[in-house]
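Throughout, read-outs are computed from the coordinates displayed, never taken from laboratory work. Quick caveat: nothing in here was measured; it's all calculated off a predicted structure. All Cβ positions, glycine included, derive from the backbone under ideal geometry; neighbour counts span all protein chains shown.
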Amino acid sequence: MSSLVRLVPVTDHVYVATSRRYVTNSTVILDGHGGALVIDPSWDADELAAIPADLRALGVTCVAGLATHMHYDHVLWHPDLGDVPRWASAGTVEAIVNRRTELLAPLLGDIPEDLIEIAGHLVPIEGPTLNWRGPRAVIHQHDAHAEHHIAVEIADLGVLVSGDMLSDLELPMPDWSEVDLETYRSGLLQLAEVAHRAERVIPGHGAVGNDVAERYEADLAYLDELDQTGASADPRVDLELNAELHELNVRRSAFGAGV
Ligand SMILES: [Zn+2]
């Protein structure tokens, strides 16, 4: 285990690698039969390459990938992870097929071209759980942070891989096209039960936490405060990385002037 470069164990069968950029998390779930599911691998070329190397060190092989949503930093891949099914919601697959150039544009000049070419080749998940040999993985789909976004609940392990939701670092970030907070709120509300049931959350950006319900309540309180007063006491508001986002959210709120 000491030979692992990036993967850090979270609990039985679950590992996380955190990128040097934006505290971005990649999640690995072992299937218990020598295989691994790799969720949202990121980000720089050396960091992507270290994931399959770490899987080799663990004595397992990547059998599937998964992208929680269509954003460029969640649809990356590395050739050494292999040509395996890379799952996403049907809507995410369709979006990448139809809007590939637009959705992957931020990667141009940012990572090597061969990694851009391999990014975003996804197939739709069929059914409410993943069809694999590993622990039961339940899909929770909503449109809060992005359309057709999914969270993956590894039910028997009490783990929720939440994508870009329930972060201790990032404020609620609605899709850029949203003019109010309503779509985000209804997407968040769809996660109410699982957020109160899960014991650990692995967010797309930020720390792994055992405060899943607290994060859910904080995000809901933030939206409510903005709609009621146009301001929020949420400590994340003071983080530099949230400055622009918070200002946009204030404008989106019932109290704001619109976007
Ligand atoms: Zn995102």
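Quick look at the numbers
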item: Rotationally averaged projected area of the stretch 1-62 (alpha carbon convex hull; nm²); result: 3.7
item: Most to least packed among 35-41, 9-15, 94-100 [average Cβ atoms within 10 Å]; result: 35-41, 9-15, 94-100
item: The chain - percent relative contact order, Cα under 8 Å, separation 6 or more; result: 14
item: CD proxy at 222 nm, helix term only [per DSSP H run n ≥ 4: -39500 (n - 2.57); per residue of the chain; nearest 500]; result: -9000 deg cm²/dmol
item: Amide proton proximity set for residue 64, modelled H, under 5 Å, gap of 5+; result: 36, 38
item: C-alpha long axis of helix 90-104 to longest principal axis of the chain, angle in °; result: 80
item: Simple Cβ-charge dipole of the chain, Lys/Arg +1 and Asp/Glu -1, about Cα centre, in debye nearest 20; result: 660
item: Antiparallel bridge percentage (DSSP; both residues within the chain; nearest 5); result: 65
item: Ordering of 160-169, 213-222 by burial proxy (mean other Cβ atoms within 10 Å per residue, highest first); result: 160-169, 213-222
item: Unit charges on C-beta of K, R, D, E only; dipole of the stretch 1-121, Debye; result: 200
item: Descending Cα extents along the principal axes, the chain, whole Å; result: 54, 38, 35
item: In Hz, Karplus ³J(HN,Hα) per residue of the stretch 140-153 (6.51, -1.76, 1.60; θ = phi - 60°; x = Gly, Pro); result: 10, 9, 7, 10, 5, 6, 8, 4, 6, 6, 10, 10, 10, 9
item: For the chain, built as a Gaussian network whose Cα springs stay under 10 Å, the top-fluctuating residue of 93, 60, 201; result: 60
item: Per-residue ³J(HN,Hα) for the stretch 239-252, Karplus 6.51 cos²θ - 1.76 cosθ + 1.60, θ = phi - 60°, Hz, x for Gly and Pro; result: 6, 3, 5, 9, 4, 5, 4, 4, 4, 5, 5, 4, 5, 6
item: Relative packing of peptides 143-154, 108-119, 177-188 - highest average C-beta neighbours within 10 Å first; result: 143-154, 177-188, 108-119
item: D (Stokes-Einstein, µm²/s), Kirkwood Cα radius, the stretch 80-229, 1.567 mPa s at 4 °C; result: 78
